[in-house]
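One structure is given here, and the rest of the page talks about it.
The values are calculated or read from the model by the stated rules, or taken from the named source; none is laboratory data. Just so it is clear, the model here is predicted, and its values are computed rather than measured. Reconstructed Cβ throughout: ideal geometry from the backbone, glycine too, with neighbour counts over all protein chains shown.
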Amino acid sequence: MGLTSGGELATLSNTPWYCIHTKRSKEKWVARQLAEVCDELYLPLLRQWRRVRRQFAWRVESLFPGYMFARFPVEERFRAVRYTPGVISVLSTAVGEPIEVNDVIISALRQRSVDGYIQMSPILLSPSEEIEIIEGPFRGLRALFQQELRAGERVVVLLELLSSQVRVELPRTYVQKTASVSTELRAI
């Protein structure tokens, strides 16, 4: 048995799922350690287009850092799972009883997975909607969203500069929605 690209071991079982707390950033390593002990493992992975050292690149990380899901018969294998290197604990009640994770939750996570990764939907922006610039030379300023360019990687905004509105292109990750609408900026 081995991990698939979605972070899961492919076997079928009627045993319940449990949430395993692992050392942070060691989820894949722990999954390899648990492969012999558990009937099935699921490590939901998140793929994001993020800024890394002044460049944008695809980053893959755990959807729940420090946690993964495992299916195993708790009566037979709890100690083997709990004392696997890298495992901090199996999520449990206050009295130490392991908490079962509903199959519906695991199924919902797997359904959101595309090519083994969970995709985060970008927040949709409407033309003339006020946004805030959170990165770059215009950080902290507010502008009006005008349109998206190049498959959503860049946006065009109208920025109020020197008593006039200037059209500026920015990376999509530089902007976010604002909580309140300013009366200073208006749509053209």
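The number of residues in the range 141-157 being more than 14 Å from LYS177 (Cβ to Cβ) and modelled with pLDDT of 90 or more comes to 3. Can you report the number of residues in the range 113-139 which are among the polar types (S, T, N, Q) and within 21 Å of LEU46 (Cβ to Cβ)? Of the residues in that region, 3 qualify. When the criteria are applied in full, ARG154 meets the requirement of being among the charged types (D, E, K, R) and closer than 19 Å to ARG172 by Cβ. Of the residues making up the range 69-112, those that are closer than 15 Å to LEU41 by Cα, modelled with pLDDT under 95 and basic (Lys, Arg) number 1.
Is there a residue in the range 160-168 that is within 21 Å of the chain's Cα centre (by Cα) and not β-branched (Val, Ile, Thr)? Break it down into steps so the answer makes sense when it comes.
The first filter runs over the range 160-168 and keeps only residues within 21 Å of the chain's Cα centre (by Cα), leaving none.
No; the residues of the range 160-168 include none that is within 21 Å of the chain's Cα centre (by Cα) and not β-branched (Val, Ile, Thr).
Looking only at residues in the range 172-188 that are surrounded by 15 or more Cβ atoms within 10 Å (Cβ to Cβ) and at pLDDT 85 or above, the one that is nearest to ILE123 (Cα to Cα) is VAL175.
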